[in-house]
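First up is the structure itself, then whatever we jot down about it.
The values are calculated or read from the model by the stated rules, or taken from the named source; none is laboratory data. Predicted model, so just to flag it, every value in this text is computed and none were measured. Every residue, glycine as well, gets a Cβ built from its backbone with ideal geometry; the counts of neighbours run over all protein chains shown. These accessible areas exclude ligands, DNA and RNA; they are computed on the full protein's heavy atoms, side chains included. Shrake-Rupley method; radii C 1.70, N 1.55, O 1.52, S 1.80 Å.
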Amino acid sequence: MNSTATPASMGLTLDVITLGTPEVEAARRFYSTTLSPTVADDDDSVHLDLHGTGRLTLSAAERLAAGAGAKPATPGFRGYVLTYVVNQPTEVKTLMDAAVRGGAEVLKPAKKALFGSFSGVFRAPDGAIWKLAAATGKDTGPAAESPLPTETTLILGVSAPKASKAFYEALGMSVDRDYGSKYIDFHPAEGAARLCLMEGGVLAKDAGTAKDGDGFPSMILTHRAESREEVDLLLSAAAAAGGRTTVAATRTTEGYSGCFTDLDGFWWQVTH
């Protein structure tokens with residue numbers, strides 16, 4: 001993988017996570033009742049603001065795959081886990097119960113975890129895996145009726161965390177915590193989800209599922225660039241760092257955008 005200097009005007013941020021779902025309206029109901037986000041609809045997508053800790057878009061799985069030039073996602077582990085961090089264990093239980101009522105499959109029941117934390121994992125009806133977590137294993141006060149997150153993270157299951165770290169650093173991301181091949185994360189932009197890296201098999205085991213999925217993960221990550229120049233710079237930097245340009249930058253009805261994949265095939269759209 002080639003090493004490149006990062007232009008001062010370039011810095012990749014995880015501004016939007018778009019999830020492909022078999023039924024957009026059903027996914028809208030599930031996330032609305034489980035996480036209580038702010039919801040906005042357009043003609044063919046649903047946009048969710050996770051209380052200022054990240055933004056999700058729900059889109060038809062076939063449409064998302066077609067836009068990426070890929071086949072729809074296969075069953076099984078899709079290579080990523082979304083983590084929703086709240087204040088205390090009771091709030092983890094509240095959200096887990098709401099998810100189950102909405103049709104989610106429990107992969108790991110909510111219980112005390114390592115280092116005094118508390119967590120549980122579920123697979124949403126759309127196939128996305130979510131981990132609900134609190135940093136403490138003991139309640140510190142009354143639980144909120146609709147628990148609010150302190151942070152939302154996206155953990156990518158990658159083949160070589162150190163190499164992926166170097167790739168994202170080449171695109172302007174700044175490392176926050178680095179535990180070598182075990183876990184690496186980056187400083188999130190204001191109002192955006194945090195990007196994290198773990199080895200794929202370790203991540204699947206942590207989520208309570210087998211590492212048996214392949215193909216398109218039914219997810220596209222979006223960076224909102226400040227200029228057309230930044231779009232071009234990021235696509236060039238991704239290619240130089242070992243990624244692949246999948247859609248060349250071009251004018252669109254909404255502006256100017258292009259797409260690339262990282263070292264493990266996760267799709268990014270860079271748009272202005």
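In sequence order, segment 53-67 has phi-based couplings of 10, x, 10, 10, 10, 9, 9, 4, 4, 5, 5, 5, 5, 4, x Hz under the Karplus curve 6.51 cos²θ - 1.76 cosθ + 1.60, θ = phi - 60°, and Gly or Pro positions carry x. The mean sequence separation of alpha-carbon pairs under 8 Å and at least six residues apart, normalised by the residue count of segment 117-227, gives a relative contact order of 21 percent.
Summary value for the chain: 23 percent relative contact order, contacts being C-alpha pairs under 8 angstrom separated by 6+ residues. Contact order for segment 35-177, expressed relative to its length and based on alpha carbon pairs under 8 Å spaced 6+ residues apart, stands at 25 percent.
Spatially close Lys pairs in segment 120-215, defined by Cα atoms under 16 Å apart and a spacing of eight or more places or different chains, total 4. The phi torsions of segment 141-156, fed into the Karplus equation with coefficients 6.51, -1.76 and 1.60 and a -60° offset, translate into couplings of x, x, 7, 6, 5, 10, x, 9, x, 8, 6, 10, 10, 10, 9, 8 Hz, rounded to whole numbers, with Gly and Pro shown as x. Heavy-atom surface analysis with a 1.4 Å probe gives segment 186-272 a carbon and sulfur content of 46 percent of its accessible area. Between residue 187 and residue 38, what's the calculated FRET efficiency when r is the beta-carbon distance and R0 is 22 Å? Round to 0.05. Efficiency, from the Cβ-Cβ distance: 0.35.
A simple spin-label model places pseudo-atoms 7 Å from Cα toward Cβ; at residue 138 and residue 26 they are separated by 4.3 nm. In this structure, residue 244 and residue 97 have a Cβ-Cβ separation that, at R0 = 35 Å, corresponds to a calculated FRET efficiency of about 0.25.
If you sort 182, 211, 131 by accessible surface, 1.4 Å probe, largest first, the order is 182, 211, 131. Between residue 66 and residue 229, the distance separating the two model label sites (each 7 Å from Cα on the Cα→Cβ line) works out to 3.7 nm. Skipping prolines and chain starts, which residues have an amide H placed within reach, meaning under 5 Å, of the one on residue 218, given they are 5 or more residues away or on another chain? Distant-sequence amide H within range of residue 218: 73. The figure for residue 47 is an accessible area of roughly 70 square angstrom, using a 1.4 Å probe on the protein chains alone. In terms of its alpha-carbon gyration tensor, segment 69-185 comes out oblate; a/c meets the 1.5 threshold, while b/c is at least as large as a/b. Along segment 13-28 the Karplus relation, 6.51 cos²θ - 1.76 cosθ + 1.60 evaluated at θ = phi - 60°, assigns HN-Hα couplings of 10, 8, 7, 9, 10, 9, 9, x, 9, x, 9, 4, 5, 5, 5, 4 Hz to successive residues, with x for each Gly and Pro.
Average accessible surface for the chain: 46 Å² per residue, computed with a 1.4 Å probe over protein heavy atoms with every protein chain in place.
Charge dipole of segment 172-272 (Cα centre as origin; +1 on each Lys and Arg Cβ, -1 on each Asp and Glu Cβ, all else neutral): 120 debye, rounded to the nearest 20. Rolled with a 1.4 Å probe across the full set of protein chains, the surface gives residue 224 an accessible area near 130 Å². In a fully extended conformation the segment linking residue 45 and residue 148 would gain 34.7 nm over its present Cα-Cα distance, using 0.36 nm per residue.
Measuring with a 1.4 angstrom probe and ignoring ligands and nucleic acids, residue 229 comes out at about 110 Å² accessible.
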